[in-house]
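Visitor: Mind looking over this structure? Questions follow.
What follows draws every value from the coordinates through simple rules; no lab data is involved. Note that the structure is predicted; figures quoted are calculated from it, not measured. Cβ atoms come from the backbone with ideal geometry, glycine included; neighbour counts cover every protein chain shown.
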């Protein structure tokens with residue numbers, strides 16, 4: 001599509017951060033956070049496959065994958081107050 005992968009990651013993390021920060025001020029439906037987390041986590045296998053095809057594991061990408069999984073894990077425990 002001509003969009004750099006890093007830009008897609010930046011957009012995903014910016015929205016995830018915005019949703020997280022907003023949830024401290026106003027209640028956000030859990031399904032919104034969970035949907036966004038699942039979208040991010042579903043892309044991980046695709047990017048890991050691409051890294052193996054290129055023969056290069058990217059440490060920053062691996063960190064992004066861990067952070068995405070962490071976001072999903074935290075979302076599973078999210079409770080509106």
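Visitor: Helix 30-54 sits at what angle to the longest principal axis of the chain, using alpha carbons and giving 0 to 90 degrees rounded to 10?
Guide: That works out to roughly 10 degrees.
Visitor: Below 8 Å, C-alpha to C-alpha, sequence gap of six or more: please give me the relative contact order for the chain in percent.
Guide: 39 percent
Visitor: Also: Add -39500 (n - 2.57) for each DSSP H run of 4 or more in the chain, then divide by its residues: what number comes out at 222 nm, to the nearest 500 deg cm²/dmol?
Guide: -27500 deg cm²/dmol
Visitor: In nm, give the distance between the simple-model label positions of residue 5 and residue 41, each being 7 Å from the Cα along the Cα-to-Cβ direction.
Guide: 2.1 nm
Visitor: Apply the a/c threshold of 1.5 to the C-alpha gyration tensor of the stretch 5-76 and tell me whether it is rounded, prolate or oblate.
Guide: It comes out prolate by the Cα gyration axes.
Visitor: Given a Förster distance of 30 Å, report the FRET efficiency between residue 29 and residue 67 from their Cβ-Cβ distance, rounded to the nearest 0.05.
Guide: Efficiency computed from Cβ-Cβ geometry: 0.85.
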